[in-house]
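In what follows, a structure is listed as structure tokens, so that the remarks can point back to it.
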Ligand SMILES: *[C@@H]1O[C@H](CO)[C@@H](O)[C@H](O)[C@H]1NC(C)=O
Ligand SMILES: [Cu+2]
């Protein structure tokens, strides 16, 4: 039995993929995994999504969460990962405001409702060695909820795109989670551009089908989706 366990652990470590079951707001994590973050379909398999045009690209969830986390506007957020985020690629965060009369506990996030608040670029040194923010950590990078985001309930979508094999079509891997939050103390900003999931990404977007090893500088990378809303 012990031998079998060792074998399984070794097999899992060989290509460790990940889920993001816990949102952290200003250093305080949600009470337990999947309490405000919607449980994802790959909870066991840890498999990424390879086709960014499928319905799962929105939240990858098979279940809504029971709670809603309060997030003061201007907060620092990140996610805890179940495994080391060992693949190269960007981390992006999006928000979608829950329509009035609906709840973050049940709303599906459909329509052109998502705006991007954060993305990352690699740094490339003079030996062409590339590093991405958060790479090899057990957390996703920190981002700020813009202080001018209007108060109210939102879905927060966190995404890490693994690009190590992405020079082939449909070989980028999308790892993601959505959390149910309520932004408090917000402002009068007009978030945008707004996009839908699926819809925002195509398989051959230059940030999705890309040979990252030929990037001359980090800013040559083109993150998929809309521009970041600056708040
Ligand atoms: C990210 O934010 C947390 C607080 O939520 C803080 O403890 C941590 O030091 C920050 N990490 C970095 C790399 O700034
Ligand atoms: Cu992998």
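The single condition from (1) away from ligand 2 (no atom under 16 Å from the Cβ); (2) closer than 18 Å to residue 86 by Cα; (3) modelled with pLDDT under 95 that residue 16 fails is (1).
Scanning the stretch 192-212 turns up one or more residues that are at pLDDT 95 or above, part of a loop (DSSP other than H, G, I, E, B) and farther than 25 Å from residue 51 by Cβ.
Whenever a residue of the stretch 136-153 is at positive phi, its partners that are within 16 Å of ligand 2 (Cβ to nearest atom) and assigned to a loop (DSSP other than H, G, I, E, B), lying with C-beta atoms within less than 9 angstrom and at least six residues away or across chains, give the pairs 136/84; 136/85; 136/86. Listed by first and then second residue, the pairs with beta-carbon distance under 8 Å, at least 6 apart or on different chains, first residue in the stretch 87-105 and at pLDDT below 95, second crowded, with 24+ Cβ neighbours inside 10 Å and in a loop (DSSP other than H, G, I, E, B), form an empty list.
Of all residues in the stretch 15-39, those satisfying the criterion of being more than 19 Å from residue 59 (Cα to Cα) and either buried (at least 19 other Cβ atoms within 10 Å of the Cβ) or within 15 Å of ligand 1 (Cβ to nearest atom) (or both) are 25, 26, 27, 28, 29. Entry remark, the stretch 123-136: residues being away from ligand 2 (no atom under 16 Å from the Cβ), assigned to a loop (DSSP other than H, G, I, E, B) and surrounded by 13 or more Cβ atoms within 10 Å (Cβ to Cβ) number 1 in total.
Within the stretch 38-65, residues that are touching a residue at least 60 places away in the same chain (Cβ under 8 Å) and closer than 14 Å to residue 79 by Cβ have Cβ atoms under 9 Å from residues that are within 16 Å of ligand 1 (Cβ to nearest atom) and assigned to a loop (DSSP other than H, G, I, E, B) in these pairs: 40/20; 65/30; 65/36, counting only partners at least 6 apart in sequence or on another chain.
Restricting attention to the stretch 63-84, does a residue exist that is touching a helix residue (DSSP H, G or I) at 6+ places or on another chain (Cβ under 8 Å) and crowded, with 17+ Cβ neighbours inside 10 Å? Scanning the stretch 63-84, I find no residue that is touching a helix residue (DSSP H, G or I) at 6+ places or on another chain (Cβ under 8 Å) and crowded, with 17+ Cβ neighbours inside 10 Å, so the answer is no. Of everything listed in (1) over 17 Å from the mean Cα position of the chain (by Cα); (2) in contact (Cβ under 8 Å) with a residue 12 or more places away in the chain, the single unmet condition for residue 190 is (2). Those strands (runs of 3 or more DSSP E) of the stretch 40-121 in which at least 1 residues are within 20 Å of residue 152 (Cβ to Cβ), away from ligand 1 (no atom under 16 Å from the Cβ) and over 16 Å from the mean Cα position of the chain (by Cα), considering only elements entirely within it, cover 91-97. Filtered by the rule that a residue be under 21 Å from residue 74 (Cβ atoms) and under 11 Å from the mean Cα position of the chain (by Cα), the stretch 151-177 gives 156, 157, 158.
Yes or no: the stretch 181-189 includes at least one residue that is crowded, with 20+ Cβ neighbours inside 10 Å, assigned to a loop (DSSP other than H, G, I, E, B) and touching a strand residue (DSSP E or B) at 6+ places or on another chain (Cβ under 6 Å). So far as the stretch 181-189 goes, no, none of its residues is crowded, with 20+ Cβ neighbours inside 10 Å, assigned to a loop (DSSP other than H, G, I, E, B) and touching a strand residue (DSSP E or B) at 6+ places or on another chain (Cβ under 6 Å).
In the stretch 148-158, which residues are under 19 Å from residue 23 (Cβ atoms) and not in a strand (DSSP E or B)? Hits for the stretch 148-158 are 149, 151.
The values are calculated or read from the model by the stated rules, or taken from the named source; none is laboratory data. Since the model is a prediction, treat every value here as computed from it, not as a measurement. All Cβ positions, glycine included, derive from the backbone under ideal geometry; neighbour counts span all protein chains shown.
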